[in-house]
1. Can you give me the long-range amide H partners of MET112? Hydrogens built in the peptide plane at 1.01 Å from N, cutoff under 5 Å, separation of 5 or more residues or another chain.
2. Can you give me the long-range amide H partners of GLU167? Hydrogens built in the peptide plane at 1.01 Å from N, cutoff under 5 Å, separation of 5 or more residues or another chain.
3. In Å and on Cα atoms, what radius of gyration and Dmax does the range 124-172 show?
4. If you split all Cα-Cα distances of the range 43-196 into 5 Å bins from zero, what percentages do you get per bin, shortest first?
5. Report the gain in length on full extension from GLU180 to ALA49: 0.36 nm times residue separation, minus Cα-Cα distance, nm rounded to one decimal.
6. Among the lysines in the range 34-131, how many pairs, 8 or more places apart or on different chains, have alpha carbons under 21 Å apart?
7. Output the peptides 167-173, 40-46 sorted from most to least packed, where packing is the average of other Cβ atoms within 10 Å over each peptide's residues.
8. Once phi is turned into ³J(HN,Hα) by the Karplus curve 6.51 cos²θ - 1.76 cosθ + 1.60 with θ = phi - 60°, what whole-Hz value does each residue of the range 49-62 show in order, with x for glycine and proline?
Amino acid sequence: MNGDATPELRGAPACAAAGLAGVLLALCGLVLGAGAAHGGELKPWTGGATPVLALKDPAGKAHDLAAYRGKVVLVNFWATWCAPCRAELPSMQALREQLADKGFEVLTVNLMESEEKIAAFQESELIDLPVLMDRDGAAAKRWKVGMLPKSFVIDRQGAIRYQLLGEANWTGPDIAPAIERLIGTGVKSQSASTAR
């Protein structure tokens, strides 16, 4: 486990720190396996309804996934200490830029790190993606994130359509076209309902 996470745990209340340490230990242990999941593939979602996702960004602005209805949204759970997470963020940013005018958004959910650590990472890596802060790991638990990175693709109606475990090239030929089809399907559906 990276020693960077430990000082943050010491600042938490003792009872919460024990729970956070357990979550971090589990994720750190499992993230080693995520490196082997390089080139992860989109798999259809069969896990039921989309969990609530309502968190603040580092500036304190509230974000609610429900407010993004009408867009296809990529929700990605990550942390700066997770090497596969860091490796896939540039392709995620490139996909966001490529599809921004087509009704696509990326929301990254950072797992229990400080605003300062996130800002320093974004500045050093030139990453400009929206970051939501899962300060206590509750969102990751609701979304059943047992390994990092883990991503979900949500359709325009707010339903999870795909999940992806491990690092991925989001602009690659196995992933980007599937997201573009989902965007295109939503556009056609909206046009058809408008025409009626």
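No value in this document is a laboratory result; all are computed from the given coordinates. Here the structure is a predicted model, which is why all the values come from computation and not from measurement. Virtual Cβ from ideal backbone geometry, glycine too; neighbours counted across all protein chains shown.
1. When sequence neighbours closer than 5 places are left aside, the close amide H contacts are ASP134, ARG135, GLY137.
2. ALA37, HIS38, GLY39, GLY40
3. Final numbers for Rg and Dmax: 12.6, 35 Å.
4. With a bin width of 5 Å, the distribution comes to 2, 9, 20, 23, 22, 14, 6, 3, 1, 0, 0.
5. My answer for the length gained is 44.9 nm.
6. Summing the qualifying lysine pairs gives 6.
7. The most tightly packed comes first, giving 167-173, 40-46.
8. 5, 6, x, 5, 9, 9, 9, 9, 8, x, 7, x, 7, 7
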